[in-house]
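Data first, discussion second: the structure below is written as structure tokens.
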Amino acid sequence: MNNEIKNARLRMGLTRDGLAEISGVSVNVIRALECGARSTDKAQINTLVGICSALGCRISDVLSDPKLVEAMRECETRHIA
């Protein structure tokens, strides 16, 4: 289960439908990621980019595999610098 996506969505006052509209990601995919039926670690990058852009968070914030988190943080740091 990915509570970070759900928590960020709720903090922004968005429904799943609202997030889907803003992010361009289907409601079914958002639901599956939030409920744990799909892993963010295995999600397509464009799915994560859409969701994270809409929620104002980094992709590394929604990943769970420590190695992926570390690799993504390194990429994000290079991109920001």
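Using Cβ point charges alone (K and R +1, D and E -1), the dipole size of the chain about the Cα centre works out to roughly 100 debye.
The calculated 222 nm mean residue ellipticity attributable to helices in the chain amounts to -20000 deg cm²/dmol, summing -39500 (n - 2.57) over DSSP H runs of n ≥ 4 and dividing by all residues. Is the shape of the range 12-59 best called rounded, prolate or oblate, per the rule: a/c under 1.5 gives rounded, else a/b larger than b/c gives prolate, else oblate, with a ≥ b ≥ c the square roots of the Cα gyration tensor eigenvalues? Oblate, since a/c reaches 1.5 and b/c is not below a/b.
Only protein atoms count toward the accessible area here, which uses a 1.4 Å probe; on the chain, the carbon and sulfur part of that area reaches 51 percent. Solvent-accessible area of Thr77, all protein chains in place: 90 Å² (probe radius 1.4 Å, heavy atoms, ligands and nucleic acids excluded). Between Ser26 and Asn46, residue separation times 0.36 nm minus the direct Cα-Cα distance comes to 6.0 nm. Neighbours of Ser60, meaning other residues whose beta-carbon lies under 12 angstrom from its beta-carbon, give a summed charge of -4 when Lys and Arg score +1 and Asp and Glu score -1. Shown are Glu4, Glu76, Glu70, Glu34, whose ranking by accessible area with a 1.4 Å probe and every protein chain present, most to least, is Glu70, Glu4, Glu76, Glu34.
Computed over the chain, the percent of Cα pairs more than 21 Å apart is 21. Measuring only protein heavy atoms, the 1.4 Å probe finds Ile30 accessible over about 0 Å².
The values are calculated or read from the model by the stated rules, or taken from the named source; none is laboratory data. On a predicted model such as this, the values are computed, not experimentally measured, just so you know. Because the Cβ atoms are built from the backbone with ideal geometry, glycine has one as well, and the counts that use them run over all protein chains shown. When the accessible area is computed, the model is the full protein with side chains, heavy atoms only, and any ligands, DNA or RNA have been set aside. Shrake-Rupley method; radii C 1.70, N 1.55, O 1.52, S 1.80 Å.
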